[in-house]
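A short reminder: the numbers here are calculations on the coordinates, not readings from a lab. Note that the structure is a prediction, hence the values are computed from the model and not measured. We place every Cβ from the backbone using ideal geometry, glycine too, and count neighbours over all the protein chains shown.
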Amino acid sequence: MAGYSRYVALGDSQTEGLWDGDDTVGLMGFADRLAVMIDEHYPGLRYANLAVRGRQIRDVLDKQLPAALAMRPDLITVCIGMNDVTRPGPGFDRTLAELDDLHVRLSQSAATVVTTTFPDIARILPVGRLLASRVIEVNDAIRTAADRHGFCLVDLYGAPSMAESDTWSADRVHGSPKGHMLFAAAAAAALDLPGSNHDWAESSPGAGRPSVRSQLYSQVLWTHNMFMPWLWRHARGRSAGDGRVPRRPRLEGLPA
């Protein structure tokens, strides 16, 4: 494969790197980790990360994608849609239409595109069953687009490693540092980077399906660390991304 020199990451909190570091020490995240992997094989990579927590597909269409295309990237990763999936009420058909529009516009770029399905969070989080049908629908749309447009696909949905509790942070929605390392390894495999493989998807030694007790504990953590803060922000008409800007808004080389 040819090397990459201009990589732009699009998305929400997962791509921003939430729970892989913090605002004090700095965030890392799977996209940063993938950039390091690429630069190891093809030195001189310039990298931008336009992701901001709380963003939806419409935000990527209106703001992130135009900014990305102006940088003339040869590689784009996009992970977006979970904030649309979890938003209550009608309008999911509009979400799928916006996602299709995003995929078409990405396909018209000259970049290699890496996209990803969402994991089956119902395997570790009981409330995830309420979202199961939407996750399946949006994943079907992502797989169809990847096949139609020739995107590289990271399929997280059925991977055994995605059912392990330590893949996820304390809110049981965002990746832990281990999770971000797995996501980066999965993207590297999708790009067929030298030395990459499909081991990221395998269960850790001795790991099994989460027990009922583990799933209930995950539900408590999700309620405390994800749902209650969301309710508080929603009651005040705020978003987790209010006041935030992309942390790497321009193409820059990686630190030595």
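In nm, to one decimal, how far is the modelled label at residue 107 from the one at residue 254, with both set 7 Å along Cα→Cβ?
Reported label-point gap for residue 107 and residue 254 is 3.1 nm.
Taking the Cα atoms of region 77-212, what is the range of coordinates along each of the three principal axes, in descending order and whole Å?
44, 44, 20
Could you calculate the contour length gain from residue 93 to residue 72, that is, 0.36 nm times the residue separation minus the distance between their Cα atoms, to one decimal place in nm?
Contour length minus Cα-Cα distance gives 4.5 nm.
Going by Cα centres, region 97-114 and region 160-186 are how many Å apart?
Cα centroid to Cα centroid, the span is 26 Å.
For region 1-76, just the Cα atoms, rotate onto the principal axes and tell me the three extents in Å, largest first.
Projected onto the principal axes, the Cα atoms of region 1-76 cover 33, 30, 17 Å.
Under a Cβ-only charge scheme (Lys and Arg +1, Asp and Glu -1), can you give me the dipole magnitude of region 144-203 about the Cα centre, in debye to the nearest 20?
Dipole magnitude for region 144-203 comes out near 160 debye.
Considering the Cα positions of region 65-155, please state its Rg to one decimal place and its Dmax as a whole number of Å.
13.9, 42
Over region 42-163, what is the relative contact order in whole percent, taking alpha-carbon pairs under 8 Å and six or more residues apart?
Across region 42-163, relative contact order equals 26 percent.
In debye to the nearest 20, how big a dipole does region 15-120 give about its Cα centre with +1 on each Lys and Arg Cβ and -1 on each Asp and Glu Cβ?
It works out to roughly 280 debye.
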